[in-house]
Amino acid sequence: GPGILAANLINKGVEYFGVDASSAMITECQKKFGDIQSVHFSIGRVEKLEFQDSFFNVVTCMGVVEYITEPATALKEMIRVTAPGGSVIVTLPNYLSPYRIWNRFFYRHIAKGIRRIIRMPSLPGLDRKEYAVFTWRRWFEENQMEVQEIVYYNFNLFLSPLDRLLSKLSVSATQRLECLYRSTLG
């Protein structure tokens, strides 16, 4: 993506590698951070990373797996490039959140019906998959990775379209409720 994590991590002295399938995203990142020696960006796919085994101490994968066709392969690849004792952090939309359920079963159909009534063309969209947490927990454990914590997102009190119409208020309320997202595993 656009290097959202890069600035914070660079300021902490981290050598940062960003990979995206989109050349436009990589170009944007290079414009922002291209003059910093500890920052590297490349075009690539999470299912086949161009790094040596055990290259990274931490691998983050944000907003990616819901759009790819082989998420289990992607996870194995992330684990391959992570050093022993390292961490793999993956974000997923929470399949069971009320926000996602509303969008999946109601809002999408309501918006489609309204567009049809007013003769507005359908909006092109990406095929977005959703996963229940137990699927990913099983995949991690099958690959000898210990799940230490689960942090949910898409925990939004403002259902669509209010989340976009009142975006500042929606983000503020969501940030205040972050304490409810965590599920520490024992």
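Under 10 Å, Cα contacts only: if you run a Gaussian network model on the chain, which one of Pro93, Pro84, Pro71 comes out with the highest mean-square fluctuation?
Taking springs between Cα atoms under 10 Å, the residue moving most is Pro84.
List every residue whose amide H lies under 5 Å from the amide H of Ala83, counting only residues 5 or more places away in sequence or on a different chain, with H placed 1.01 Å from N in the peptide plane.
Answer set, sorted by chain and number: Phe55, Phe56, Asn57.
Note down the net charge around Trp102, summing +1 for each Lys or Arg and -1 for each Asp or Glu among other residues with Cβ under 11 Å from its Cβ.
Net charge in that neighbourhood comes out at +2.
In whole Hz, with x marking every Gly and Pro, tabulate ³J(HN,Hα) for the range 33-47 from phi via Karplus 6.51 cos²θ - 1.76 cosθ + 1.60, θ = phi - 60°.
10, x, 8, 9, 5, 8, 10, 9, 10, 8, 7, x, 10, 5, 6
Take every Cα pair under 8 Å in the chain that's 6+ residues apart, average their separations, divide by the length, and report that relative contact order as a whole percent.
Reported relative contact order: 16 percent.
What number, rounded to the nearest 500 deg cm²/dmol, is the helix-based mean residue ellipticity at 222 nm of the chain, given -39500 (n - 2.57) per DSSP H run of at least four residues and division by all its residues?
Taken over the chain, the calculation gives -9500 deg cm²/dmol.
I need the trypsin sites (Lys or Arg not before Pro) found in the range 5-64, filtered to DSSP loop residues with at most 12 other beta carbons within 10 Å of theirs.
The qualifying sites are Lys12.
Could you sort Glu149, Glu66, Glu130, Glu50 by their accessible area in this structure, using a 1.4 Å probe and putting the largest first? Can you show the working numbers first?
Details: Glu149 85, Glu66 5, Glu130 35, Glu50 145 Å².
Per-residue accessible area, sorted high to low, gives Glu50, Glu149, Glu130, Glu66.
Across the chain, how many lysine pairs, 8 or more apart or on two chains, come within less than 23 Å at their alpha-carbon atoms?
6
The values are calculated or read from the model by the stated rules, or taken from the named source; none is laboratory data. Keep in mind it's a predicted model, so treat the numbers as computed, not measured. No Cβ is skipped: glycine too gets one built from the backbone with ideal geometry, and neighbour counts run over all protein chains shown. Surface areas here come from the heavy atoms of the whole protein model, side chains and all, with no ligands, DNA or RNA. Shrake-Rupley method; radii C 1.70, N 1.55, O 1.52, S 1.80 Å.
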